[in-house]
Amino acid sequence: MDIETFIGEFAEQFDEISTESFGPETQFKENDEWSSMTALSIIAMVDQNYAVRLTGDDIRNSTTIQHIYDIVASRVA
Amino acid sequence: MQAYLKAISYYLPEKEVTNAELAQLFPEWGAEKIAKKIGIETRRIAADNEYASDMAVKAAEQLFAEHAIERTAIDFILYCTQSPDQFLPSTACVIQDRLNIPVSAGALDFNLGCSGYVYGLAVAKGLVTAGIASNILLLTAETYSKFIHPEDKGNRTIFGDAASASLISTDGFASIGNFDLGTDGRGAGNLMVKQGGLRFPRAIEEAAEPVEGRFPDEFIYMNGPEIFTFTSREIPGLVDRTLLKNELKKSDIGQFVLHQANQFMLEHLRKKMHIGSKHFFIYMAMVGNTVSSTIPIALYHALKEKDTAAGQHWLLAGFGVGYSWGGTVIKFD
């Protein structure tokens, strides 16, 4: 997996607010659109695209997209 | 002896809360957009002086009227609720009296949420096949609205109040097959009303403001992402084991009727399990997540809309608070 693709997939879970500026260091919870529903979308996307189980705690303990990417990368079979 | 589902009816309280009303209450939140994603347009809420047992009694009366069932035939009441009227007696005993069901009937409450209907079918089947009772009134009723903090926009969007009534008998329209059940209490804290029992009595002072987005413990708490992860992990296996125990394949199932948690989660599960949307019944836009009543409400509508030819199999699966889960198959006669 690569970070560029992952950022694209991550950004797709946000519907309206601009995600063009999303990068590895983006603090995704600072986005106005962030909600528990976006968290579910991220968990579902990671499950679907990478067959990796992300938990609510993983998201709670992460601040940047890079953090999430690293967790997923470490669990990819 | 074989146990059958014989009839289903349900009741919704009058008061309605639409997405537009939620959007007005929480303008910054995008309620309409989120509600669309979870597939809920409106939900019903019990009146201030209306309790789960009131709704269960109405659902039962509806069952008797709609299906011409004699209440004198009922010889067991199973009442599934997490919103009991009081600590004791069992609300089922009060319901026996209110419904004028013969005093020779057995009655008990059981406390389960989204898995409750499948567990109710399991217990009812046990009672029938053991010859203990032959006409079981299975009631589910929930008023989560009374547990939800007024500012808890997420849970207010998802949950609706409702009650259902089913008759399980020695004959009926579909036989009840084999079950797969499971429990994992490690998830208990992820969906909980902590206060109000004996271990954690309800705080005497006025409810405090939410701390870091978490409402006081007398209100319902749901860790959405953790519940989602649990569902995504356990439910495909539950469906597979339920099929295995009934010696069936996915392609043998006419309709999968799962607990209607929210459409986003259901769609995720459906794709993960490679089930076509034609065979995956969803009914929640007008009612929301009604906890233990989602499966009977969905079943009620699926029975009207879908092919129920003899020999068809439908798979039912409930899962949630506990964690608790259960699946079974019904076969049309």
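The values are calculated or read from the model by the stated rules, or taken from the named source; none is laboratory data. Just so it is clear, the structure is predicted and the values come from calculations on it, not from any experiment. Here Cβ is always computed from backbone atoms with ideal geometry, including for glycine, and neighbour counts include all displayed protein chains.
Is it fair to say B:F147 is hydrophobic (A, V, I, L, M, F, W, C) and closer than 30 Å to A:S36 by Cα? Steps first, answer last, please.
Numbers: hydrophobic (A, V, I, L, M, F, W, C): yes; closer than 30 Å to A:S36 by Cα: yes.
Yes; evaluated as a whole, the condition is true for this residue.
Inspect all residues belonging to the range A:15-32 and state whether any of them is among the hydrophobic types (A, V, I, L, M, F, W, C), more than 10 Å from the chain's Cα centre (by Cα) and exposed (fewer than 13 other Cβ atoms within 10 Å of the Cβ). Spell out how you get there, then give the answer.
Of the range A:15-32, the ones among the hydrophobic types (A, V, I, L, M, F, W, C) are A:17, A:22, A:28.
After this cut, where a residue has to be more than 10 Å from the chain's Cα centre (by Cα) as well, the list is A:17, A:22.
Filter once more, keeping what is exposed (fewer than 13 other Cβ atoms within 10 Å of the Cβ): A:17.
Among the residues of the range A:15-32, at least one is among the hydrophobic types (A, V, I, L, M, F, W, C), more than 10 Å from the chain's Cα centre (by Cα) and exposed (fewer than 13 other Cβ atoms within 10 Å of the Cβ), which makes the answer yes.
Looking for whichever is surrounded by 16 or more Cβ atoms within 10 Å (Cβ to Cβ), away from chain A (no Cβ under 14 Å) and acidic (D, E) here; the options are B:E21, B:E50, B:E16, B:E70. Which one fits?
Exactly one residue qualifies, and that residue is B:E50.
Can you report the number of residues in the range B:238-261 which are away from every other protein chain (no Cβ under 12 Å) and either among the hydrophobic types (A, V, I, L, M, F, W, C) or surrounded by 22 or more Cβ atoms within 10 Å (Cβ to Cβ) (or both)?
13
Going by the structure shown, is B:I148 surrounded by 16 or more Cβ atoms within 10 Å (Cβ to Cβ) and in a strand (DSSP E or B)?
For B:I148, the condition - surrounded by 16 or more Cβ atoms within 10 Å (Cβ to Cβ) and in a strand (DSSP E or B) - is not met.
Only one of these conditions is not met by B:A285: (1) touching a residue at least 24 places away in the same chain (Cβ under 8 Å); (2) within 14 Å of another protein chain (Cβ to nearest Cβ). Which number is it?
The number of the failed condition is (2).
Out of B:G177, B:G131, report the one residue that is small (G, A, S), within 30 Å of B:L244 (Cβ to Cβ) and surrounded by fewer than 22 Cβ atoms within 10 Å (Cβ to Cβ). Steps first, please.
On the way: B:G177 fails: surrounded by fewer than 22 Cβ atoms within 10 Å (Cβ to Cβ).
None of the others qualify; the one that does is B:G131.
Condition check ((1) surrounded by fewer than 23 Cβ atoms within 10 Å (Cβ to Cβ); (2) touching a residue at least 24 places away in the same chain (Cβ under 8 Å); (3) within 25 Å of B:L243 (Cα to Cα); (4) in the same structural domain as B:T229 (by TED's automatic domain parsing)) across all residues:
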{"residue": "B:I136", "(1), (2), (3), (4)": "no, yes, no, no"}
{"residue": "B:F159", "(1), (2), (3), (4)": "no, yes, no, no"}
{"residue": "B:L167", "(1), (2), (3), (4)": "no, yes, yes, no"}
{"residue": "B:G182", "(1), (2), (3), (4)": "yes, yes, yes, yes"}
{"residue": "B:K194", "(1), (2), (3), (4)": "yes, yes, no, yes"}
{"residue": "B:R199", "(1), (2), (3), (4)": "yes, no, no, yes"}
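Restricting the first residue to the range A:28-46 and requiring it to be facing chain B (nearest Cβ under 7 Å), which pairs with a second residue that is surrounded by fewer than 18 Cβ atoms within 10 Å (Cβ to Cβ) and of a type in the set (D, E) meet a Cβ separation below 8 Å and a spacing of at least six or different chains?
none
Please specify each residue of the range B:25-43 satisfying the condition of being touching a residue at least 60 places away in the same chain (Cβ under 8 Å), within 21 Å of A:A44 (Cβ to Cβ) and part of a helix (DSSP H, G or I).
Within the range B:25-43, B:A31, B:I34, B:A35, B:K37 meet the criteria.
Somewhere in the range B:222-229, is a residue aromatic (F, W, Y) and within 25 Å of A:R53 (Cα to Cα)?
Within the range B:222-229 (the criterion being aromatic (F, W, Y) and within 25 Å of A:R53 (Cα to Cα)), the answer is yes, since at least one residue qualifies.
Restricting the search to the range B:1-13, which residues are surrounded by 17 or more Cβ atoms within 10 Å (Cβ to Cβ) and either farther than 30 Å from B:A133 by Cα or of a type outside the set (A, V, I, L, M) (or both)?
B:Y4, B:K6, B:S9, B:Y10, B:Y11, B:P13 - these are the residues of the range B:1-13 that are surrounded by 17 or more Cβ atoms within 10 Å (Cβ to Cβ) and either farther than 30 Å from B:A133 by Cα or of a type outside the set (A, V, I, L, M) (or both).
Go through the range B:24-47 and give me each residue that's away from chain A (no Cβ under 14 Å) and surrounded by fewer than 20 Cβ atoms within 10 Å (Cβ to Cβ).
Of everything in the range B:24-47, those that are away from chain A (no Cβ under 14 Å) and surrounded by fewer than 20 Cβ atoms within 10 Å (Cβ to Cβ) turn out to be B:Q24, B:L25, B:E41, B:T42, B:A47.
Yes or no: the range B:21-40 includes at least one residue that is touching a Gly at 6+ places or on another chain (Cβ under 8 Å) and under 16 Å from B:I297 (Cβ atoms).
Taking every residue of the range B:21-40 in turn, at least one turns out to be touching a Gly at 6+ places or on another chain (Cβ under 8 Å) and under 16 Å from B:I297 (Cβ atoms).
Kindly indicate whether B:V287 is among the β-branched types (V, I, T), crowded, with 17+ Cβ neighbours inside 10 Å and touching a His at 6+ places or on another chain (Cβ under 8 Å).
no
Surrounded by fewer than 19 Cβ atoms within 10 Å (Cβ to Cβ), without any contact (Cβ under 8 Å) to a residue 12 or more places away in the chain and either touching a Pro at 6+ places or on another chain (Cβ under 7 Å) or charged (D, E, K, R) (or both), is that true of B:K306?
Numbers: surrounded by fewer than 19 Cβ atoms within 10 Å (Cβ to Cβ): yes; without any contact (Cβ under 8 Å) to a residue 12 or more places away in the chain: no; either touching a Pro at 6+ places or on another chain (Cβ under 7 Å) or charged (D, E, K, R) (or both): yes.
Considered against the rule, which asks whether it is surrounded by fewer than 19 Cβ atoms within 10 Å (Cβ to Cβ), without any contact (Cβ under 8 Å) to a residue 12 or more places away in the chain and either touching a Pro at 6+ places or on another chain (Cβ under 7 Å) or charged (D, E, K, R) (or both), B:K306 comes out as no.
Identify all residues within the range B:207-237 that are more than 10 Å from chain A (Cβ to nearest Cβ), more than 26 Å from B:D180 (Cβ to Cβ) and not aromatic (F, W, Y); write none if there are none.
The answer is B:A207, B:A208, B:E209, B:P210, B:V211, B:E212, B:R214, B:P216, B:D217, B:E218, B:I220.
If I ask for residues that are part of a helix (DSSP H, G or I) and either at positive phi or without any contact (Cβ under 8 Å) to a residue 24 or more places away in the chain (or both), which ones from the range B:93-123 would you list?
Looking only at the range B:93-123, we keep the residues that are part of a helix (DSSP H, G or I), and these are B:93-98, B:116-123.
Within the range B:93-123, B:C93, B:Q96, B:D97 meet the criteria.
So is A:R75 at the interface with another protein chain (Cβ under 9 Å from one of its Cβ atoms) and among the basic types (K, R) or not?
No; evaluated as a whole, the condition is false for this residue.
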